[in-house]
Amino acid sequence: MIENSLTVRGETVEKAIAKGLRELNIQEKDAEIRVISEGKKGLFGFGKQDAIVEIQVKDNLSYKELTEVLIQEEKEEQQEIQSPQPTTAPVEPSEEVVVEEPLSHDVTNEVEISTPTEQTVATPSAPESAVKETNETKETDSTGLPLDKSSELVASYIDRVIKEYGAKSETTFDINGNQVTFNIETDKSGLVIGKHGKIINSLQILSQTLLQNYCHHRVSVLLNVGDYRDRRANVLEQIASRTAKEVLSTRQTVILDPLPAYERKQIHAHLAEYDRIKTHSEGKEPNRYLVVEYVDKTQ
């Protein structure tokens with residue numbers, strides 16, 4: 001498998017970067033580096049938190065080469081979905097963590113779809129024809145198109161993007177209130193999903209933007225391939241359950257790996273059922289992550 005990106009922890013940002021470059025076997029000039037958290041030194045060993053950085057190999061691959069890479073990862077992606085591994089990154093139990101006031105808000109304020117500040121290696125970009133078509137729609141129809149017609153256009157767009165990645169697909173959609181679910185049928189589901197869901201999540205963000213440009217109404221978009229979202233929801237529930245047990249038993253803060261906004265929202269909802277647990281999000285998209293804390297009600 002070709003590794004394109006890595007999330008690394010270290011005592012300092014510099015040490016985390018150096019560690020990540022070694023593991024990816026690249027030089028700094030060949031990497032795109034994002035600092036997720038600069039960490040905290042703590043006081044006399046208390047409240048110390050590691051720095052967190054994401055290192056990504058600069059993308060020089062063509063569509064054809066990228067498709068070949070993703071095909072190689074398809075089998076592994078399917079195995080990961082069927083046998084999920086925990087993604088929690090707990091703080092050492094021996095340390096007492098001092099957590100600052102939340103930078104964000106509770107679950108009711110978490111947005112459904114977030115727009116990335118940068119594209120990842122596996123992020124599909126909108127074809128020029130789709131951008132031109134969207135601009136023309138804005139100019140000729142100030143009230144927008146009906147939601148069903150807009151959804152048809154977006155479904156066609158999804159199939160065109162997937163075709164660019166070397167796969168065939170047939171996309172249908174269901175409208176339920178203000179949510180539109182696009183169901184993608186394809187014989188290369190692993191390729192469309194991408195490693196850790198990168199392609200389908202990126203395509204979902206593009207589809208969300210395009211649909212709102214067409215219909216001019218606030219709608220929520222969900223892309224699904226087979227039963228991927230159902231299986232992913234089960235994975236997120238397991239992550240939430242394991243995290244809750246760990247926080248309640250150790251009374252220590254747990255930091256989860258970066259997740260898309262709607263997946264963070266699902267974990268928020270699961271953990272909201274626990275009286276002694278509170279959660280909030282930190283960091284910037286697309287590297288925003290959940291912080292899960294123990295609440296001592298005796299104080």
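The values are calculated or read from the model by the stated rules, or taken from the named source; none is laboratory data. The structure displayed is predicted, hence computed values, not measured ones. Backbone-built Cβ (ideal geometry, glycine too); neighbour counts: all protein chains shown. Just the protein is used for accessible areas: all its heavy atoms, side chains included, with ligands, DNA and RNA removed. Shrake-Rupley method; radii C 1.70, N 1.55, O 1.52, S 1.80 Å.
How big is the charge dipole of segment 168-218 about its Cα centre, in debye rounded to the nearest 20, if each Lys and Arg gets +1 on its Cβ and each Asp and Glu gets -1 on its Cβ?
On the way: 5 positive and 4 negative charges, 54 e Å.
Charge dipole of segment 168-218: 260 debye, to the nearest 20.
Near ASP174, within a Cβ-to-Cβ distance under 13 Å, what is the net charge of the other residues, with Lys and Arg +1 and Asp and Glu -1?
For residues surrounding ASP174, the net value is -1.
Any of LYS19/LYS245; LYS245/LYS278; LYS149/LYS188 with alpha carbons more than 21 Å apart? Name them for me. Show your work: numbers first, answer last.
Numbers: LYS19/LYS245 31 Å; LYS245/LYS278 13 Å; LYS149/LYS188 27 Å.
Going by Cα-Cα distance, LYS19/LYS245; LYS149/LYS188 fall outside the 21 Å limit.
Using a 1.4 angstrom probe and counting only protein chains, how large is the accessible area of HIS280 in Å², to 10?
We get 0 Å² for HIS280.
Order ARG160, ARG22, most accessible first, counting only protein heavy atoms with a 1.4 angstrom probe. The partial results should precede the final answer.
On the way: ARG160 85, ARG22 170 Å².
Largest accessible area first, the list is ARG22, ARG160.
Quick one: order LYS198, LYS297 from most to least accessible surface, probe 1.4 Å.
Details: LYS198 55, LYS297 120 Å².
Highest to lowest solvent-accessible surface, that is LYS297, LYS198.
For GLU28, GLU282, GLU293, give the ranking by accessible area with the largest first, probe 1.4 Å. If you can, show how the numbers build up before the last one.
Working: GLU28 115, GLU282 35, GLU293 15 Å².
So, going from the largest accessible area down, we get GLU28, GLU282, GLU293.
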